[in-house]
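The values are calculated or read from the model by the stated rules, or taken from the named source; none is laboratory data. If you're wondering where the values come from, they're calculated on a predicted model, not measured in any experiment. Glycine also receives a Cβ, built like all others from the backbone with ideal geometry; neighbour counts cover every protein chain displayed.
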Amino acid sequence: MPFDPVALGSAIRTRRLSLPLTQAELAERLNVSAQAVSLWERGETTPDIALLPDLACILNTSVDMLLGSPGSHYRRRITVGDMQQAIGCILRLRELLGPEHFMYRTMADALDQRMNSRIEAALANENTMDAYVCEALLACMEQGDWVDMTDVSKHIRNEKARAYTLARMQTLGMK
């Protein structure tokens with residue numbers, strides 16, 4: 001498969017915006033100009049190969065993912081069931097230790113900050129739990145995990161959460 005600088009630029013832009021970082025902030029962290037980042041994102045030039053590992057690290061992804069390498073560029077496969085089970089483990093920790101225990105609070109607070117929502121609010125009903133599971137799956141995909149769109153279609157009951165997630169998955173290149 002030939003290298004596609006436009007696809008690389010698009011991947012850089014998508015990842016940068018998801019963090020969110022400005023072009024100037026990304027440039028500063030890589031010790032390049034904001035103009036260089038702009039040119040990369042438009043596919044007019046490409047980053048020096050020596051910058052790719054640092055670029056991938058800053059963008060919380062892999063070099064393979066940025067380059068759009070076919071095949072095994074995903075870290076792992078995550079299913080809706082896996083995510084529901086993981087969230088269930090956090091809830092079980094809350095039950096075992098209590099909502100104010102430092103271990104539970106540390107995890108819940110970190111998730112609340114990363115997910116820009118409250119895990120305890122997600123537990124209120126099935127619809128909010130579905131939305132939380134979808135947000136968690138999208139965060140995993142942004143980190144280089146693979147999620148099957150069919151799995152989301154089958155197992156997410158909240159129509160809005162499902163539609164939003166499937167649309168975002170397409171922009172992330174999932175099939």
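Cβ-Cβ distance below 9 Å, separation of 6 or more or different chains: which pairs start in region 109-133 with a residue that is at positive phi and assigned by TED's automatic domain parsing to the domain that holds P99 and end on one that is surrounded by 14 or more Cβ atoms within 10 Å (Cβ to Cβ) and of a type outside the set (S, T, Y)?
N116/E135
If you take the residues of region 18-33 that are modelled with pLDDT of 95 or more and aliphatic (A, V, I, L, M), which of them is surrounded by the most Cβ atoms within 10 Å (Cβ to Cβ)?
Of everything passing the filter in region 18-33, L26 is surrounded by the most Cβ atoms within 10 Å (Cβ to Cβ).
Looking at region 121-175, which of its residues are of a type in the set (G, A, S) and closer than 20 Å to M107 by Cα?
Initial filter on region 121-175 (of a type in the set (G, A, S)): 121-122, 124, 131, 136, 139, 144, 153, 161, 163, 167, 173.
If the condition is that a residue be of a type in the set (G, A, S) and closer than 20 Å to M107 by Cα, then A121, A122, A124, A131, A136, A139 are the ones that fit.
Report yes if A27 is of a type in the set (G, A, S), over 14 Å from the mean Cα position of the chain (by Cα) and over 20 Å from G173 (Cα atoms), otherwise no. Explain how you work it out, then say what you get.
Numbers: of a type in the set (G, A, S): yes; over 14 Å from the mean Cα position of the chain (by Cα): yes; over 20 Å from G173 (Cα atoms): yes.
So A27 fits the description; yes.
Which condition from (1) assigned by TED's automatic domain parsing to the domain that holds I156; (2) in a helix (DSSP H, G or I) is the one that A56 breaks?
Only one criterion is unmet by A56, namely (1).
If only one of L93, L138 is assigned to a helix (DSSP H, G or I), under 13 Å from the mean Cα position of the chain (by Cα) and either at pLDDT below 85 or not polar (S, T, N, Q) (or both), which one is it? Show your work before the answer.
On the way: L93 fails: under 13 Å from the mean Cα position of the chain (by Cα).
Answer to the selection: L138.
Before we move on, is T79 within 20 Å of L111 (Cα to Cα), among the hydroxyl-bearing types (S, T, Y) and either out of contact with any Ser or Thr (no Cβ under 8 Å at 6 or more places or on another chain) or exposed (fewer than 13 other Cβ atoms within 10 Å of the Cβ) (or both)? Spell out the reasoning first.
Details: within 20 Å of L111 (Cα to Cα): yes; among the hydroxyl-bearing types (S, T, Y): yes; either out of contact with any Ser or Thr (no Cβ under 8 Å at 6 or more places or on another chain) or exposed (fewer than 13 other Cβ atoms within 10 Å of the Cβ) (or both): yes.
The answer is yes for T79.
Report every pair of residues separated by at least 6 positions or lying on different chains whose Cβ atoms are under 6 Å apart, first residue within region 137-148 and of a type in the set (G, A, S), second in a helix (DSSP H, G or I) and buried (at least 17 other Cβ atoms within 10 Å of the Cβ).
G144/M65
I'd like to check something: does region 116-131 contain any residue that is part of a loop (DSSP other than H, G, I, E, B), under 18 Å from G81 (Cβ atoms) and in contact with a Lys or Arg (Cβ under 7 Å, 6 or more places away or on another chain)?
Here is the first cut: in region 116-131, the ones part of a loop (DSSP other than H, G, I, E, B) are 116-118, 123-125.
Right, trim to under 18 Å from G81 (Cβ atoms) and you get 123.
Filter once more, so that each one left must be in contact with a Lys or Arg (Cβ under 7 Å, 6 or more places away or on another chain): none.
Checking region 116-131: not a single residue is part of a loop (DSSP other than H, G, I, E, B), under 18 Å from G81 (Cβ atoms) and in contact with a Lys or Arg (Cβ under 7 Å, 6 or more places away or on another chain).
I want to confirm something. Restricting to region 141-158 and keeping residues that are aliphatic (A, V, I, L, M) and in a helix (DSSP H, G or I), which single residue is nearest to P20 (Cα to Cα)?
Checked region 141-158; the qualifying residue nearest to P20 (Cα to Cα) is M141.
When M115 is evaluated against the numbered criteria (1) hydrophobic (A, V, I, L, M, F, W, C); (2) loosely packed, with under 13 Cβ neighbours inside 10 Å; (3) closer than 23 Å to T14 by Cα, which criterion, by number, is the only one it fails?
It fails just one condition, (2).
For region 67-76, indicate whether the set of residues that are surrounded by 13 or more Cβ atoms within 10 Å (Cβ to Cβ) and at pLDDT 90 or above is non-empty. Lay out the reasoning, then the answer.
Just the residues of region 67-76 that are surrounded by 13 or more Cβ atoms within 10 Å (Cβ to Cβ), to begin with: 67-69, 73-75.
Cutting the leftovers down to at pLDDT 90 or above gives us none.
No: zero hits.
Considering L8, L93, which residue is buried (at least 17 other Cβ atoms within 10 Å of the Cβ) and touching a residue at least 12 places away in the same chain (Cβ under 8 Å)?
Values: L93 fails: buried (at least 17 other Cβ atoms within 10 Å of the Cβ).
Matching residue, one of L8, L93: L8.
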